[in-house]
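This report refers to the structure that appears directly beneath it.
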Amino acid sequence: MDIFRILSRGAALKRSSNSDPGVKSESQNATKDKQNSLLRQVEKETDFFNTRKHTEVTKDIEDEAQDEAVPPPKIATEEDAAKLRKQNKVNVSGTDIPLPIGSFEDLIARCNLNRKLLANLIASGYSEPTAIQCEAIPASAEGRDLIACAPTGSGKTLAYLIPMAQALISSPKTKNYGIRGVVIAPTNELAIQIYQTLAPMCRGSNLNVTLLSKQVASKISSSIISANKFDVLICTPLRLIDLVKKEQVDLSKVEHLVIDEADKLFDHGFVEQTDEILSHCTLPTRRTSMFSATIPSGVEEMANSIMKDQIRIIVGHKEGASTSIDQKLVFTGNEEGKLLAIRQMVQQGEFKPPIIIFLQSIPRAKALFHELIYDKLNVEVIHAERTPKQREEAIRRFKNGDAWVLITTDVLARGVDFKGVNLVINYDVPQTSQAYVHRIGRTGRGGKEGKAVTFFTKEDKLAIKPVLNVMKQSGCHEGYSEWMESMEKLTKKEKQQIKQHEIKRKKISTVPQVVSKKRKQRKEMIEASKRRKEETK
Ligand code: ADP
Ligand code: MG
């Protein structure tokens, strides 16, 4: 536990700075000093998921904020905007594009940002907006639909939560008016995290936000509570649709709809559900925002068809990996080589927790879990066969340092923000470049550095091609050898094949087959003798 804490101590967020430190006025510096001392206070209790209490801090800043005059916006002209966009490597397209913001305070002048919201933001440790926040917040605050693509860990969550909260807080409705904001995400873990980011932002405001957890859904379903008492719902699509079909949730008053991990929610398995939700959000003035780190052209076309006069924001390279991740490809020869590679990493001190390991299937995740437990590594496993409670417990253990290694499948590839993950290992090559970008995006978040290692065998000679492309695009030329590049370009058919068919792999195990056969026979004998005893009773 202690080792973990020391290893993850660097988890404090590096704050981005768009401002030129040389040109700050004295009053700005004084405000910054105050904010910094408050931030230090907040950071004392930094934990992984904003569970800290900071009401007192909020109050101080809020009182101060009320007295302060509205500062002039940092970005006031098209020239300022062009400079900032160049610096942030942002490409924005659409008609009448609003100016970006250069600081959160700019939002006071630009859209009369609620002071409580600003105070809550600062108290939570967010002092400067990230590139995506600079663009998406003012655009959405001015009522525009958005399609936004920005790297993993670059602060997309607040980029859509702040304008939604601001708009809803500033136009209060009568009690039990109904649901006005909905955020949908592909997994429960991600929905929980979004809720945990939003709740502290809305503290002290008139907004009633909820996570549509199993418990809340069941209370609504059995009419113990009315869904209309909530202003904002954060949920996965199926749970919401279930209640909509039972007519216990009415989406016709939804003013803000956010689709996080949009490409996933428009992909097979989710697209029907997303479509169904869209069909119930019938308010003509609805604002729709879509966010992801990867938005393939097909998805963008679909998105365009449901949006009005949207603004398109691309931060960095569309589909690109975060540049703060050092990526490496490792050829292990065969399946057995992968376990050896992990053991070698442990011996060479490269296996520095916290670590997430991705595998292609549930049986393989379970098998690796047993292998690593056998090696006395502190491991946890999360996959779709575990109950929500087990998944929550595994995450809790990983976050607080009781588990150093989290083994999982693609179920945890998207959105989940564990601060300070040092290393992501792709034990099995992911099936698409998007899956790769999202998996490795569990490290190198919030401005921190991270490492990603992808194992491959001769069976993966086609599947590593998309991985190599992402690596080249993000400038990780050291992470692969020339011979790995020498393969032909993938045809469309091959790409589809890799995406749809999992590669058949040899089972993960270091236990020789004779031993496992004997173990099995012994187990069967014990069970047979138990049965006999039962029968003779
Ligand atoms: P994304 O959705 O782009 O993958 P998240 O919204 O999960 O990224 O944010 C990644 C991390 O960055 C989180 O830990 C979050 O608290 C932090 N973060 C977000 N915005 C800021 C900001 N303006 N300043 C500092 N840290 C931020
Ligand atoms: Mg996200």
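Taking a ≥ b ≥ c as the square roots of the Cα gyration tensor eigenvalues, with a/c under 1.5 meaning rounded and otherwise prolate when a/b beats b/c, else oblate, which class fits region 243-312? Can you show the working numbers first?
Numbers: a/c = 2.29, a/b = 1.39, b/c = 1.65.
Verdict is oblate for region 243-312.
Jot down the radius of gyration and Dmax of region 325-500, Cα atoms only, both in angstrom.
When restricted to the Cα atoms of region 325-500, Rg and Dmax are 15.6, 46 Å.
For region 367-456, go through all pairs of different Cα atoms, get the mean of 1/r, take its inverse, and jot down that Kirkwood value in Å.
13.6 Å
Working from the alpha-carbon coordinates of region 357-410, get Rg over Rh, Rh being the Kirkwood radius.
That ratio equals 0.94.
Rounded to the nearest 5, what is the percent of antiparallel bridges among the DSSP beta bridges in the chain?
Expressed as a percentage, antiparallel bridges in the chain total about 10.
Report the dimensions of region 79-315 along its three principal axes from the alpha-carbon atoms, largest first, rounded to Å.
56, 41, 31
Shape of region 82-144 from its Cα gyration tensor (a ≥ b ≥ c, root eigenvalues): rounded if a/c is under 1.5, otherwise prolate when a/b > b/c, or oblate? Don't skip to the answer; put the middle values down first.
On the way: a/c = 2.48, a/b = 1.47, b/c = 1.69.
It comes out oblate by the Cα gyration axes.
So how tilted is helix 335-347 from the main axis of the chain? Cα-based, degrees 0 to 90, rounded to 10.
So the inclination is approximately 60 degrees.
Taking every Cα atom in region 406-460, find the radius of gyration and the maximum pairwise distance Dmax, and write them in Å.
11.1, 35
What would the Debye formula give as log10 I(q)/I(0) at q = 0.10, 0.12 Å⁻¹ for the alpha-carbon point model of the chain, no solvent?
Results for the chain at q = 0.10, 0.12 Å⁻¹ read -0.86, -1.20.
Of 366/506; 366/507; 89/492; 83/472; 465/492; 338/461, which pairs sit farther than 19 Å apart, going by alpha carbon to alpha carbon?
Cα-Cα > 19 Å for 89/492; 83/472; rest within.
Which trypsin sites (Lys or Arg not before Pro) from region 167-216 combine a DSSP loop assignment with at most 14 other Cβ atoms within 10 Å?
173, 175
Chymotrypsin sites (Phe, Trp or Tyr not before Pro) within region 384-484: which are DSSP loop residues with at most 13 other Cβ atoms inside 10 Å?
none
For the pairs 451/520; 156/352; 74/448; 264/308; 451/504, note any where the Cα-Cα span goes beyond 31 Å.
Cα-Cα > 31 Å for 451/520; rest within.
Arrange the residues 438, 280, 501 by how much accessible surface each exposes, largest first, with a 1.4 angstrom probe.
Ranked list, largest accessible area first: 501, 280, 438.
Cα to Cα, under 16 Å, and not fewer than 8 places away if on the same chain: which lysines meet these conditions relative to residue 173?
Cα-Cα hits under 16 Å: 229, 253.
Charges only on Cβ, +1 for Lys and Arg, -1 for Asp and Glu: so what's the dipole of region 325-500 about the Cα centre, in debye to the nearest 20?
Computed about the Cα centre, the dipole is about 520 debye.
If I fit a long axis through the Cα atoms of helix 188-202 and take the longest principal axis of the Cα atoms of the chain, what angle between them do I get, 0 to 90°, rounded to 10?
20 degrees
When the Cα centres of region 429-448 and region 83-141 are compared, how far apart do they sit, in Å?
First find each Cα centre; the distance between them is then 25 Å.
Quick one: check the C-alpha center-to-center distance for region 154-210 versus region 301-360, whole angstrom.
Taking the Cα centre of region 301-360 as reference, the centre of region 154-210 is 29 Å away.
In region 79-315, what percentage of the DSSP-assigned beta bridges are antiparallel, given to the nearest 5?
On the way: 4 of 28 bridges.
If I count the DSSP bridges inside region 79-315, around 15 percent turn out antiparallel.
Please determine, in degrees from 0 to 90 and to the nearest 10, the orientation of helix 464-473 with respect to the longest principal axis defined by the Cα atoms of the chain, where the helix direction is its Cα long axis.
On a 0 to 90 degree scale, this one is about 30.
The values are calculated or read from the model by the stated rules, or taken from the named source; none is laboratory data. Every value quoted in this text rests on a predicted model; they were computed, and no experiment measured them. Backbone-built Cβ (ideal geometry, glycine too); neighbour counts: all protein chains shown. Accessible surface is based on the protein model in full, side chains and every heavy atom, while ligands, DNA and RNA are left aside. Shrake-Rupley method; radii C 1.70, N 1.55, O 1.52, S 1.80 Å.
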